[in-house]
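Supplied in C-alpha cells, the structure appears directly below.
The values are calculated or read from the model by the stated rules, or taken from the named source; none is laboratory data. Since the structure is predicted, the reported quantities are computational estimates derived from the model, not experimental observations. A quick note on method: Cβ atoms are made from the backbone with ideal geometry, for glycine too, and the neighbour counts reach across all protein chains shown. Accessible surface is based on the protein model in full, side chains and every heavy atom, while ligands, DNA and RNA are left aside. Shrake-Rupley method; radii C 1.70, N 1.55, O 1.52, S 1.80 Å.
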Amino acid sequence: MRHGSGRLPLALACASLSLGAARPVDAGAPDIPEYIQAALTPFRSPPEPGEVADLLGRWRAEGGLREAYDRIVGTRLWRRAGDAAQALGLLGALPNDDGPLRALARYERARVLFELGDDYDATRRAPLDWETACLSLADLPPAEAEDLRTEFWTDLGVLATPDEHSAWPGVPNGDACAWIRELLAERAFRMAITPNERLAVHYQRLVDTRKTFYLARPRFYHTMTHYHGRRDGEWMDDRGLVYLRMGPPDVAEACGRVGTFDEDPLETDLIATCWVYDRPGGYKLYYFSTLNRVTGLTSADGDYRLQESLGPRAHPGDPYFQRYVKNADLPKSIIAYLTRSPAQFRSVGSADDFDAGLDLAERRHYTGPATKAEMRRLADEALVEIPDVPAVRGADMLWEPLRFLNPVDRSWQVWILAALPAGQLEPANQFDSWAYTARGWLATRHPTGVRLDSMWNRVVVGRELDPEAGIPLRATFAAVEGRLPITLAVYDPLQAGFGAWVQDTVIVPTVLPLPMVSDVALAQSEGGTWTRDGTTFLRVSPDHVTNEDGSIHAYFEVYGIRRSGDYNVEVRLARNRRPAEIFRLDAASVPFRLEFSSRMPNSGVGSHTLRLELSDTEPGVYDLAIQIRDRTTGTRSLPAVTPVRVR
C-alpha cells in the first residue's frame, strides 16, 4: 500500500494494522479518497446505508466508481452497511469478466452472499465463488495473488492457531488454496458440518463482531491475550476474538454492576461481563472487564479485555458461583478453596484472630496464582488451540461404537449408535399419534480425509413414550486399524439448538492370529432394521436397558479360530470390576453366568445372537462380559465388556 494516497490492498481498510507491513501495488492503481478509507476502517461501527449512499455519490461526482477496482471498494461499503442488493448491483458482471480483478471480484461477491444472503446463497452460491477465487491463487501473477491472499487471511486468519499463522507466509501460491481448505476442514470436522457450512458460520460471526465487538482504535499495549494467541492490531476486543473462535456463549451475565444486561447480553456498556460455555468437562468461564487493573479506571474506548480471574461474582453467596463456578472446568482443590467464604475467616477474640489470618493468607496465596494459571489455560483453549464444537446443547445423549471384522480384506465395519431420551424431545401430536424425531451428523477423520454421515430417525407411536426411552440413531462405515477421531452431534429438529455432542477417538483394533470377540450389540427386541449378517435383525440401542421381564438380546462375533475349530463361549455379569478381573472371579459369585460350545464356520466369523434372561438378577447396572476359549490350543480372548441396566 502506498503511503499518502495510494491503492488500498482490498482487505478491510486499515487492516494493514493487523497484517504487518504494507505492500506496494501497481503504479497505475487508482487512488481511494481518504473519506472512503475512513468509512471502511474496521475500527468503527458499520456505516449506515444513507451514509454509504452519500459517500459514493460524492466519490462518483469526483470522477470515481468508473474503474473496476473502485466498484469493488464501493461494493465493500454496501456490504458493510448490510445492503446486498446495492452491493451486488454495483459489482455487476465483474466476477464473470476476464479482467485482471476477476478473482478479487469473485471473492467479494462470495463475501456478500455469505454475510447478507439467504440460506441458499450462503450454502450454494457463495461457496462456488469462494472456491473459484481460492483456486485462482495458483494462476494469478505474484502481485495479484498476494493481494488475494491478504483478503483470505484477513477473514480467516482469526481462526488460525499460532503455528498456522507462522506457516501461512511460507505456503506457495500453488498450495495456498488446499492449505486453507485443510484449515477449514479441521474446524468443520470438530463441528460435524461441511467446510462450506463452517464458512457460512464464520462470515455470520464476522458480521456480529463488526457490529458489537469492534474497537474504536487499535490497542497500543499488550494485554494477557497477546501472550495467548491474540495478534497485534486486531480490530475486535477480546469478547469478539472469543466469539469468532468459539461462537456465542451459552450464558452471558453481568459481572461488574447491576444493569439492564438481560435485555441483550451481547450489547452492553457494563464494565464487566462473564461468558459461560457449556462443555463436557465442565463450564468454560471467561471474565471480560473494561477496568484498568493498575488505575482502577474504566477504559475510555470501552475495550473489554479477558482477565486472569473468575471475576467479582466468584464467591459462594452469588448464584453465578453456585451454578457455574462450582461446576467449572477447574481443579476441585481450587473450587474447594473458593467455596470457603471470606466470612469464615473473620472471628471475634484474639485467640482466633491469628489462625483466621493465617487461613485467609493461605487461601489468597493458593487461589490467586492457581486461578490465574487456570484462566491462562482456558485462554489457550479458546485462542491458541482449536475450540470448535457442534452448536447444540442441553440434551443427554448415550452413544457407543460397535466394531466388527470383515475377515476377507481384514477391514472393520464400525457402527456408531446414539440415542436421545424421548422425554427430552418435542413430539409432534397428530391424529392420536405421537411422532418423535431425532437427527444427527457424524464426522470421522480417516487417513483418506474426513467423512460426514447424516443420521435420522422418526418413531411414530399411539401413545407417549416413557421419558427414559431412547430414540436411536446410527451410522456405519469401513475403517482400517488405528485411531479414528470422531465428532458426533445429535439434535431435536423441533427445538432449535437443542441436542448433544461428543468428540472422541474410536480405537480400531489390530487383527492378530488369536481368538477375538467383537463388540457386543444389545437390543430389547428383534425385528428392527439393524443387521450384521443379513438374517438377524435387532432394534439395537446404546441405552442397554433390559425389558420389564429382565430379558435382552445380545449379538456378537468371534474371530481368530481356525475353520471348523471348536471353541467355548462364556458370558458373565459383574459389578465394579475391571475387565481383566471378571473372569477370575469364582463362578458361583457372579450374579449371572452362561457357557456353551460352538464351531467356527468356513466364513471365519462365528455369529451369535443370545436372548439373555436376567429376571433373577437384582436391578442395577452391571458389566456384561463375553470371553471365548479355543478348545484346541486353550488360548483365551480378551473379554468384550459392555454395560447393561437390569430393570
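Take every DSSP beta bridge with both residues inside the chain and express the antiparallel ones as a percent of the total, to the nearest 5.
95 percent
Express the accessible area of the stretch 117-181 per residue in Å², computed with a 1.4 Å probe while the remaining protein chains stay in the model.
Accessible area per residue, the stretch 117-181: 45 Å².
Can you tell me how much longer the chain between residue 531 and residue 551 gets when fully stretched, taken as 0.36 nm per residue apart minus their C-alpha distance, in nm with one decimal?
5.2 nm
Further question: For the chain, what size does the Cα cloud have along each of its three principal axes, sorted from largest down, in whole Å?
94, 83, 56
Scan around residue 279 for amide H atoms under 5 Å from its own, H built in the peptide plane at 1.01 Å from N, and keep only partners 5 or more places away or cross-chain.
The list, which skips near neighbours in sequence, is 284.
Out of the total accessible area of the stretch 126-238 (probe 1.4 Å, heavy atoms of protein only), what percent is carbon and sulfur?
56 percent
Please turn the phi angles of the stretch 322-329 into ³J(HN,Hα) values with the Karplus equation 6.51 cos²θ - 1.76 cosθ + 1.60 (θ = phi - 60°), one per residue in order, whole Hz, x for glycine and proline.
5, 8, 9, 5, 5, 10, 7, 7
Could I ask something else about it? Considering only the other residues whose Cβ falls under 10 Å of the Cβ of residue 475, what net charge follows from Lys and Arg at +1 and Asp and Glu at -1?
After counting each charged neighbour, the total is +1.
So, with a 1.4 angstrom probe, what is the percent of accessible area on the stretch 505-647 that is carbon and sulfur?
So the carbon and sulfur contribution to the accessible surface is 46 percent.
Please calculate how many Å² of accessible area the stretch 483-626 carries per residue, with a 1.4 Å probe and no DNA, RNA or ligand atoms counted.
46 Å²
Compare the Cα positions of 336, 220, 615 along the charge dipole of the chain (+1 at Cβ of Lys, Arg; -1 at Cβ of Asp, Glu; about the Cα centre) and return the one farthest towards the positive end.
615
Then there's this: Output the antiparallel fraction of DSSP beta bridges having both residues in the stretch 542-647, as a percent to the nearest 5.
Antiparallel bridges make up about 95 percent of those DSSP assigns within the stretch 542-647.
In degrees between 0 and 90, to the nearest 10, how far off the longest principal axis of the chain does helix 195-212 point, with axes built from Cα atoms?
50 degrees
Related question: Output the 0 to 90 degree angle, nearest 10, between the alpha-carbon long axis of helix 102-116 and the longest principal axis computed from the alpha carbons of the chain.
Between helix and principal axis, roughly 70 degrees.
Something else now. With angles folded into 0 to 90 degrees, how steeply does helix 173-191 sit against the dominant principal axis of the chain? Use alpha carbons for both and round to 10.
Here the helix axis deviates by roughly 50 degrees.
Add -39500 (n - 2.57) for each DSSP H run of 4 or more in the chain, then divide by its residues: what number comes out at 222 nm, to the nearest 500 deg cm²/dmol?
The helix-only estimate for the chain comes to -9000 deg cm²/dmol at 222 nm.
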